[in-house]
Amino acid sequence: MNKIKLIYEGKAKKVYETDDPTLAIFEYKDSLTAFNAQKKDTMQGKGRFTNLISATFLKLLQDKGIPTHFVKLIDDNHQLVKRLKIIPLEVVVRNTSTGSLCKRLGVEEGLDLVPPLVEFYLKNDELGDPLVTEDHIRAFCFASKPQVEKMKELSLKVNDILSKYLYERGIKLVDFKLEFGTDEEGNIYVADEISPDTCRFWDLSSKERLDKDRFRKDLGNVLEAYEEIWRRIGQPKAAI
Ligand code: C5P
């Protein structure tokens, strides 16, 4: 499968058309951005970790019956995925309070959220991805009611699968963001990536941050944290 034409370049990856119109190639870049790209940096080797980690999680989910866009790992920085129409919403699942939740509501960090919170954000860089309610989604047709129900159901299943998998590897899944897309028949798949760029991972015992918060908060050792996640979940590339 060859890259034919660049379709889209985002903050952390490039998406290419392939010779099969139903498939696309994701190329993970070494760039890191935060706060809606107001903070930027490049870290050599970062794209390799986000690609390998994301491929591992998507494959795991697929094996557990969650429809995802993942088709196969190509090499250290590339993966083959289904070409989908992206639903313009980001779904955030939170198991522990932190980040924008604490900022918005003034609540303490580190509170266990049982049951987990599911939030929807509108994908719109200019507006800084605002939080939206299900009524907003319905009123402005950002997604249909069955799509919202399905996204919620899948997000909570993803949370169960990944939380357990990571717990067994000494990692707490604090929160994460998912995106979804539809194929020609309207079937919904988990799309985009699942990596330390889009999740918060805390070491179970030390609470050390092993995700993009190291970059957001200038904690240092960003690449080392991504490498540590890969070390704990890593497997032979042939198994992904
Ligand atoms: O910043 P906030 O606390 O809302 O982030 C919640 C989770 O969603 C974090 O794991 C963060 O990495 C992820 N996120 C993301 N992309 C965004 C916003 C949040 O991956 N645009």
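Quick notes
- Residue in segment 137-152 that is within 12 Å of the ligand (Cβ to nearest atom), closer than 30 Å to Arg232 by Cβ and crowded, with 18+ Cβ neighbours inside 10 Å present: no
- Every residue from segment 166-183 that is away from the ligand (no atom under 16 Å from the Cβ), open to solvent by less than 30 Å² (accessible area, probe 1.4 Å) and under 22 Å from Asp213 (Cβ atoms): Gly170
- Condition met for Asp129 (within 16 Å of the ligand (Cβ to nearest atom), part of a loop (DSSP other than H, G, I, E, B) and open to solvent by less than 30 Å² (accessible area, probe 1.4 Å)): no
- Number of positions in segment 70-94 that are over 15 Å from the mean Cα position of the chain (by Cα) and either assigned to a loop (DSSP other than H, G, I, E, B) or within 30 Å of Glu126 (Cβ to Cβ) (or both): 7
- If the condition is being assigned to a loop (DSSP other than H, G, I, E, B) and open to solvent by 60 Å² or more (accessible area, probe 1.4 Å), then segment 222-240 contributes Gln235, Pro236.
- For segment 34-57, residues that are in a strand (DSSP E or B) and open to solvent by less than 20 Å² (accessible area, probe 1.4 Å) total 1.
- Hits in segment 184-221 - residues which are of a type in the set (S, T, N, Q) and either within 15 Å of the ligand (Cβ to nearest atom) or open to solvent by less than 30 Å² (accessible area, probe 1.4 Å) (or both): Ser195, Thr198
- Contact map, segment 84-108: residues that are in contact (Cβ under 8 Å) with a residue 60 or more places away in the chain paired with residues that are open to solvent by 40 Å² or more (accessible area, probe 1.4 Å) and near the ligand (Cβ under 7 Å from one of its atoms), Cβ distance under 9 Å, separation 6+ or inter-chain. Pairs shown: Val92/Ser100.
The values are calculated or read from the model by the stated rules, or taken from the named source; none is laboratory data. This one's a predicted model, so the numbers in the text were calculated from it and none came from an experiment. Heads up, the Cβs are rebuilt from the backbone with ideal geometry, glycines too, and the neighbour counts pull from every protein chain shown. Ligands, DNA and RNA are excluded from the accessible area calculation, which covers all protein heavy atoms including side chains. Shrake-Rupley method; radii C 1.70, N 1.55, O 1.52, S 1.80 Å.
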